[in-house]
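All remarks here apply to the structure that follows.
The values are calculated or read from the model by the stated rules, or taken from the named source; none is laboratory data. Since this is a predicted model, take the numbers as computed values, not measurements. Quick reminder, even Gly has a Cβ in these numbers, built from the backbone with ideal geometry, and neighbours come from all protein chains shown.
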Amino acid sequence: MSTAPAALPAWLDPTPWLAVAATARPADVEAALACENPGARELAAMLSPAGEAYLEAMAQRARALTRRHFGDTITLYVPLYLSNFCSNGCAYCAFAADRRIPRRALTPAEIDHELDALASLGFEEVLLLTGERTPQADLDYLAEAVRRAARRFHQVAVEAFPMSTDEYRVLVDAGCTGVTVYQETYEPRLYDRLHRWGPKKDFLARLETPSRALRAGVHSVGLGALLGLHDPIHDALCLYLHARHLLREHWRAGVALSFPRLRPQAGDFTAPCPIDDAWLARLICACRICLPEVPLLLSTRESAAFRDGMAGLGISKMSIASRTTVGGYDRERDDGVGQFEVNDHRDIDTFCASLRARHLQPVFKSWDASYREHPQDLDTLTAHAG
Ligand code: SF4
């Protein structure tokens, strides 16, 4: 049964800005680039067909803004897949319930083993991933994994099943600092078709998940659209409007954007609206220009060459040495079936050397765990900074 809403909430309605993108001329793109306080209108102009010729100018402005707000640094994080059990039917995912793959969830001892391996590599921030809530990986399981990670890492984020505000409070108490939840596509009817069954079918419940996490005290939320599913201008405008809405409603919250592009995966789903490197680069630059202080993330879904080119050019945070298999950091146990194919296979040292060659400093720690236990210290720090 369809759960697609008849229309997007008013704050998420991209209709006026889609009209701008459809009719923008070069003069509109130039005005957007010269605008001191760019918003949705300027984003639409830069993403329009007329914006294609302005990639270099956009890149220059994006680089200057990234340097001003983030310095010459790239913050590093690493994902850890805890479980690939899932009851959802996302058409584009290798872990969907109808994929015939080996399923498993890490045991507490295996979680410790993986976390120790990642900590020994120097990481200070970890992203814990699961599929939909299942008996094998439920709230108690995730909270225990967060507790174990918080003993070793300064930042512990989760990318898992949507929860209630009270459930997110359990994770915050366990040491969770961030929640990532991609809307995948902001087009409700397509969303309904792609999410063939399962709790994820509820478009509005997912849309409201970042707000629930922030109300529970999570320090930051990560948003994203899975690029390739739908008209990228539509989903990019909605992603921007979603971020702006959260920043307005939760003014102390951190909001970050990711740019996941569909990769080959078990199930062989083909991207209906693929975007090329130039389009993705323009999207990242445009988002940097319109959201100058928001961290922008790029994962190992992208190639080494593309990531090298975008580091510092809008992008301020990157994963590296990622495995998308459960228990993927232990080569002996790695079963080889990942959620999607990784595209940048470099190790940490090679990646960091590449950043330094571009005069960028890799940063492993951008947050201190003591703020989790003593949030008043953060208030004091913020007051002094302000
Ligand atoms: S995207 Fe997430 S919820 Fe959907 S099938 Fe994959 S693991 Fe499950």
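Being in contact with a Phe, Trp or Tyr (Cβ under 7 Å, 6 or more places away or on another chain) and either among the hydroxyl-bearing types (Ser, Thr, Tyr) or closer than 20 Å to residue 242 by Cβ (or both) narrows it down to one of 137, 216, so name that one.
216
One residue stands out among those in the stretch 106-156 that are touching a residue at least 40 places away in the same chain (Cβ under 8 Å) and of a type in the set (Asp, Glu): the one that is farthest from the ligand (Cβ to nearest atom), which is 124.
Within the stretch 1-41, being aliphatic (A, V, I, L, M) and not in a helix (DSSP H, G or I) holds for 1, 4, 6, 7, 8, 24. Is the stretch 157-164 home to any residue that is crowded, with 18+ Cβ neighbours inside 10 Å and away from the ligand (no atom under 13 Å from the Cβ)? For the stretch 157-164, residues crowded, with 18+ Cβ neighbours inside 10 Å and away from the ligand (no atom under 13 Å from the Cβ): present.
Listed here are the residues, each with its yes/no results for (1) in a helix (DSSP H, G or I); (2) at pLDDT below 95.
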| site | (1), (2) |
| --- | --- |
| 222 | no, no |
| 230 | no, no |
| 243 | yes, no |
| 247 | yes, no |
| 255 | no, no |
| 264 | no, yes |
| 271 | no, yes |
| 283 | yes, no |
| 292 | no, no |
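Every listed requirement among (1) more than 16 Å from the ligand (Cβ to nearest atom); (2) assigned to a loop (DSSP other than H, G, I, E, B) is met by residue 67 save one, (2).
Residues are listed down the side, and each one gets a yes or a no for (1) part of a helix (DSSP H, G or I); (2) in contact with a Pro (Cβ under 6 Å, 6 or more places away or on another chain):
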site: 74; (1), (2): no, yes
site: 79; (1), (2): no, no
site: 85; (1), (2): no, no
site: 88; (1), (2): no, no
site: 96; (1), (2): no, no
site: 101; (1), (2): no, no
site: 115; (1), (2): yes, no
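Condition test on residue 43, is it in contact with a Phe, Trp or Tyr (Cβ under 6 Å, 6 or more places away or on another chain) and either modelled with pLDDT of 95 or more or within 16 Å of the ligand (Cβ to nearest atom) (or both)? Spelling it out, residue 43 is indeed in contact with a Phe, Trp or Tyr (Cβ under 6 Å, 6 or more places away or on another chain) and either modelled with pLDDT of 95 or more or within 16 Å of the ligand (Cβ to nearest atom) (or both). Take the residues in the stretch 5-39 that are among the small types (Gly, Ala, Ser) and crowded, with 18+ Cβ neighbours inside 10 Å, then tell me which one is farthest from residue 233 (Cα to Cα). Going through the qualifying residues, I end up with 32.
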